[in-house]
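The values are calculated or read from the model by the stated rules, or taken from the named source; none is laboratory data. Here the structure is a predicted model, which means the values were calculated and not measured. Using ideal geometry, Cβ is built from the backbone for each residue, glycine included, and neighbour counts are taken over all protein chains shown. Side chains included, ligands, DNA and RNA excluded: accessible areas come from the protein's heavy atoms. Shrake-Rupley method; radii C 1.70, N 1.55, O 1.52, S 1.80 Å.
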2 protein chains.
Amino acid sequence: MSRNSFKDLLPESRILDSVNDCEAYGHDWCRAYEGKASAVLLPENTREVQAIVQRAGEQKIALIPSGGRTGLSASATATSGEVVVSLERMRKIYGIDIAEQTIHCQAGVITEQIQRAAKEHGLYYPIDLASAGSSQIGGNIATNAGGIHVIRYGSTRQWVLGLEVVTGRGEILNLNGKLVKNQTGYDFRSLFVGSEGTLGFITECTLRLTRLPRSFPRIFCAAREMSDALRILELARSVSNSISAFEFFTEACLQYVLQHHSFRRPFSTVYPYYFVIEVEDMTDEESLRFQELFATALEQAWVSDVIFSQSQQQADDFMELRERIGETTASHYVVQKNDISVPVSSIPAFLRDVDELAKSTFVGCDILLFGHVGDGNIHLNIVKGEGLSRDEFFALCRAKESTIFELIAKYHGAVSAEHGIGLLKKDYLHYSRTMPDVELMRGVKRVFDPDGILNPGKIFDL
Amino acid sequence: MSRNSFKDLLPESRILDSVNDCEAYGHDWCRAYEGKASAVLLPENTREVQAIVQRAGEQKIALIPSGGRTGLSASATATSGEVVVSLERMRKIYGIDIAEQTIHCQAGVITEQIQRAAKEHGLYYPIDLASAGSSQIGGNIATNAGGIHVIRYGSTRQWVLGLEVVTGRGEILNLNGKLVKNQTGYDFRSLFVGSEGTLGFITECTLRLTRLPRSFPRIFCAAREMSDALRILELARSVSNSISAFEFFTEACLQYVLQHHSFRRPFSTVYPYYFVIEVEDMTDEESLRFQELFATALEQAWVSDVIFSQSQQQADDFMELRERIGETTASHYVVQKNDISVPVSSIPAFLRDVDELAKSTFVGCDILLFGHVGDGNIHLNIVKGEGLSRDEFFALCRAKESTIFELIAKYHGAVSAEHGIGLLKKDYLHYSRTMPDVELMRGVKRVFDPDGILNPGKIFDL
């Protein structure tokens, strides 16, 4: 049925409707929902996307803008017969401008290809994600992807110079082009960043790039109190503007990683908290000042132990301890993952509260806390205890998640730091946005998509 | 009449309606419009602003959100009996968080006070404007103010972490608070930045800060072709991520400055183009690499001459030559100023075209071109020639400005780089935004301000 609606717009080979395709293109990496698309369309350029949207508007067909489908909040899912419009054929990189430090491409380009193309010219696209090998840049933009370097480089939002979009009204907009300075009316480009495909299709983009750093030296340290981390952050920031990561994890996390990988424990003593601080292109002067800083910190007992990386290999090993946590728990255990954020200065108090809450709620489970101190983003992983069945565990998680969200709201935090709302967190949006705020979002949605054909039911219901 | 509408909301001393006040608060630094407010209200907190907006909504009274009134596009003008709501009494700085690098304050705080407060804690608010001593931070946000450091630090948009606003519906929204990472629905914060007071009042904000640089060394050089500037920009960017200004001006500009100030000509030879490159906290290694780079550039004749500043005084003198251009022409001549931008890589071609166009159009006038190479922002100043009366000159400017705007549109540029649209450039918005785009802006305006009471007629007509 839906297939026929579009058959004059695309060649047969670019309209898929096998059961397998409708299932595979219908879900993302969040496996809580089953894919049930009615067809999959594969446009190759903006004009084709426009024709599809115009036709869908006439016939009131729901469309799902689809990238690499690496999302974790079911933002790009077709769960009730919608038509998926995948941008996987829109992979042209039009060019890199070295003096401007920009790249212009179609939205279906894989994130890693952009990183690689930049690197070939001594340039750097600093948004780096675990899913960079599969995610598409259009999806990164639609979800304002973050990653590990947010403390220095911000999220995807900061790197989007211009967008070409097709709105739900079927109109093509060029938003800002390649202009660094432009003050001519509302910045719809920023509105599209993070709108999770509910306002329009992102079809092309121009991204900012920066200079490729030469090295990524790292400092590994341990502390007894989380509040000391803020002191270290403050001092480190007074030394350098180039702190490109400030990660933390607890002893419990370290134990999980060491149990499943052949890393050595970095210190002979066990400490409650560990930190990895990355300082891109650290200068000799900075290195000297960091050594003085940590000598003072040791004296004052703000940190308990510290190692400066002596090689890139050692620096990489430090970061591996942090980066393997998520994968280790996901591969070997039944785990409930939470992606939340609070203001940076609230991290110590929030961590204390959430740890206490989780331990008293999830008795017998392990509570793993890790994340990015520099940007307030905390990963709370709850590992199923032996005394609970899988079903009991997830039932408990569902029953108790509102207590965690209430705690987030108390600290003026976000129920989604970087994964987005999609279908998964729609019922919890009100912990981060007020009723009038959501009502305004509905109003804006109606302006850009009056027929409600774009990604219906994601973020909020109309 | 209007005074009575609000007299139960504010004490008498905070409702002004003398002829002088209604005139003074009714215009900004753009003197093309006369101030004709019917009253001026001086709220002290967000609740009072909310009460004013709610009352105005009930009685359909037009309100003008008003900051330091330093704008140059008549964005904050009351020209037909509107009520000005000045935030000049909302000057509380609530606090600075050093670890987070944030400052939280009311929207009426003077920009310079924020810069100063940050500096006291070794921090830096990098948005610096000629009007920083008078402009208010709320106005900076509402117009997405830029300034001289955009190449490194971006515009105000990049520094706004959270906003509190009162929408045209009289609702208070807290947009993002102090969160670095937050992916929970549309980013209305970004929509408010640059919306020129047409969607709501900005009442409070949390700004990001960064580390205070220790020094601002500068390189002064001359070139024969503007296209060489892009080559220099590219090479300079390959050396350092800390290029914080890349300014240019022509020999004609230099002559105007030297005529009215006691500076020395930097080179004994006259060159067509001059550049000032600022590299914050230049390291010894960077200094060495810049010297190598410029040795090559001289060899290849990409630059004709170069001086590295040997002291902050000398570095400041370099920048003075550039910074005095605007003031010199404004103080001593009759001049038409244009604030435009094009993609960085289009600067050489655009400058060639605009110079040719201006010279053939404004015969006998001097054409002064200067601005920011790094962010594509060009100031085109046309100085009245002796053969024209003042009236003839401005009539000619009005008659010919569309030819300049057409040239900007040809290069996909912006008719306003940083001054905004306001009343002054409303008729030229279509050179930078398409009809469907403007129609969407109208739709969004109606969502946030259904009664059309906020800054009516600015940017576009409803």
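Once every DSSP H run of n ≥ 4 in chain A is given -39500 (n - 2.57) and the sum is divided by its residues, what mean residue ellipticity at 222 nm do you get, rounded to the nearest 500 deg cm²/dmol?
Theoretical 222 nm ellipticity from helices: -10500 deg cm²/dmol.
Using a probe radius of 1.4 Å on heavy atoms only, what accessible surface per residue do you get for the protein assembly as shown? Whole Å² is fine. All intermediate terms of the calculation are to be shown ahead of the outcome.
Details: 34480 Å² over 924 residues.
Result: 37 Å² per residue.
Take peptide B:166-179, look around each residue's Cβ out to 10 angstrom, count Cβ atoms belonging to other protein chains, and average those counts. Intermediate values should be presented prior to the final figure.
Working: counts 0, 3, 0, 4, 1, 6, 3, 5, 4, 2, 3, 7, 8, 12.
Mean partner-chain Cβ count within 10 Å for B:166-179: 4.
Taking the C-alpha atoms of the range B:1-155, how large are the radius of gyration and the largest Cα-Cα span, Dmax, in Å?
Considering the range B:1-155 through its Cα atoms, Rg and Dmax are 16.6, 50 Å.
Tell me the angle of helix A:111-120 to the major Cα principal axis of chain A, expressed in degrees between 0 and 90 and rounded to the nearest ten.
That helix lies at roughly 70 degrees to the long axis.
Counting only the heavy atoms of the protein chains, how much of B:L396 is accessible to a 1.4 Å probe, in Å² to the nearest 10?
Using a 1.4 Å probe on the heavy atoms, I get roughly 40 Å².
Once both axes come from the Cα atoms, what is the angle between helix B:312-332 and the longest principal axis of chain B, in degrees from 0 to 90, rounded to 10?
The angle comes out near 60 degrees.
In whole angstrom, note down how far apart the Cα centers of the range B:66-86 and the range B:156-183 are.
One Cα centre to the other: 22 Å.
Is the shape of the range A:69-189 rounded, prolate or oblate, going by the alpha carbon gyration tensor and its root eigenvalues a ≥ b ≥ c, with a/c under 1.5 for rounded and a/b larger than b/c for prolate? If you can, show how the numbers build up before the last one.
Details: a/c = 1.57, a/b = 1.18, b/c = 1.33.
Oblate, because a/c is 1.5 or more while a/b does not exceed b/c.
Output ³J(HN,Hα) for the range A:282-298: one whole-Hz value per residue in order, computed from phi by the Karplus curve 6.51 cos²θ - 1.76 cosθ + 1.60 with θ = phi - 60°, and x for Gly and Pro.
4, 7, 4, 5, 4, 4, 4, 5, 5, 5, 4, 4, 6, 4, 4, 4, 5
Would you please give the residues with an amide H less than 5 Å from that of A:D366, counting only those at least 5 places away or on a separate chain, with H modeled from the backbone geometry?
Here A:V383, A:G385 satisfy the definition.
So which of A:K178/B:K445; A:K458/B:K92; A:K36/A:K384; A:K178/A:K426; A:K178/B:K178; A:K60/A:K400 end up more than 32 Å apart by C-alpha?
Values: A:K178/B:K445 25 Å; A:K458/B:K92 39 Å; A:K36/A:K384 30 Å; A:K178/A:K426 34 Å; A:K178/B:K178 29 Å; A:K60/A:K400 39 Å.
Over 32 Å Cα-Cα: A:K458/B:K92; A:K178/A:K426; A:K60/A:K400.
With θ taken as phi - 60° and the coefficients 6.51, -1.76 and 1.60, list the Karplus ³J(HN,Hα) couplings across the range A:385-400 in order, rounded to whole Hz; mark glycine and proline as x.
Each residue of the range A:385-400 in turn: x, 5, x, 10, 6, 4, 5, 4, 4, 5, 5, 4, 4, 4, 5, 9 Hz.
Looking at the calculated P(r) for the protein assembly as shown, what percent of the C-alpha pair distances fall above 53 Å?
Numbers: 63640 of 426426 pairs.
Of all Cα-Cα distances in the protein assembly as shown, 15 percent exceed 53 Å.
Can you list residues from other chains, or at least 5 along the same chain, whose modelled amide H is less than 5 Å from the amide H of B:I340?
B:I378, B:L380, B:A417
Compare A:E171, B:E406 by solvent-accessible area with a 1.4 Å probe and give them largest first, with all protein chains kept in place. If you can, show how the numbers build up before the last one.
Values: A:E171 50, B:E406 105 Å².
Putting A:E171, B:E406 in descending order of accessible area: B:E406, A:E171.
Based on the alpha-carbon gyration tensor of the range B:322-389 and its eigenvalue square roots a ≥ b ≥ c, which shape applies: rounded if a/c is under 1.5, prolate if not and a/b is larger than b/c, or oblate?
Values: a/c = 3.07, a/b = 1.40, b/c = 2.19.
Here the range B:322-389 falls in the oblate category.
Remind me, relative contact order of chain A in percent, using alpha carbon pairs under 8 angstrom and six or more residues apart? Could you put the intermediate results ahead of the total?
Working: 948 pairs, mean separation 71.6, N = 462.
Relative contact order of chain A: 16 percent.
In µm²/s, what is D for the range A:155-210 at 20 °C and 1.002 mPa s, where D = kT/(6 pi eta Rh) by Stokes-Einstein and Rh is the Kirkwood radius from Cα pairs? Intermediate values should be presented prior to the final figure.
Numbers: Rh = 11.5 Å.
In µm²/s, the coefficient rounds to 186.
Enumerate the calculated ³J(HN,Hα) couplings along the range B:333-346 in order (Karplus 6.51 cos²θ - 1.76 cosθ + 1.60, θ = phi - 60°), each rounded to whole Hz, writing x wherever the residue is Gly or Pro.
For the range B:333-346, the Karplus curve yields 9, 8, 9, 9, 9, 10, 10, 10, 9, 9, x, 3, 6, 8 Hz.
Sort A:272-279, A:229-236 by packing, meaning the average of other beta carbons within 10 Å per residue, with the highest value first.
Numbers: A:272-279: 23.6, A:229-236: 21.1.
My ranking of the peptides, most packed first, is A:272-279, A:229-236.
Mind listing the long-range amide H neighbours of B:D305? Cut-off is under 5 Å, sequence gap 5 or more, other chains count too, H placed in the peptide plane at 1.01 Å from N.
Those qualifying (amide H under 5 Å, at least 5 residues apart or on another chain) are B:A222.
What order, most packed first, do the peptides A:368-379, A:127-138 have when packing is the mean number of other Cβ atoms within 10 Å of each residue?
Numbers: A:368-379: 24.7, A:127-138: 21.4.
Final packing ranking: A:368-379, A:127-138.
Looking at the axis that maps chain B onto chain A, which chain B residue has the closest Cβ, and how far off is it in Å, rounded to a whole number?
Minimum Cβ distance to the axis, with residue: B:S190, 2.
Mind putting together the pair-distance distribution for the range B:219-338? All Cα pairs, 5 Å bins, whole percent per bin, short to long.
Reading upward from the zero bin: 2, 11, 22, 23, 20, 13, 7, 3, 1, 0.
Give the shape of the range B:268-377 as rounded, prolate or oblate, defined through the alpha-carbon gyration tensor: a ≥ b ≥ c are the square roots of its eigenvalues, a/c under 1.5 means rounded, and otherwise the shape is prolate if a/b is larger than b/c and oblate if not. Walk me through the numbers on the way to the answer.
Values: a/c = 2.10, a/b = 1.63, b/c = 1.29.
Verdict is prolate for the range B:268-377.
Could you work out how far helix B:435-448 tilts from the main Cα principal axis of chain B, as a 0 to 90 degree angle to the nearest 10?
Roughly 40 degrees between the two axes.
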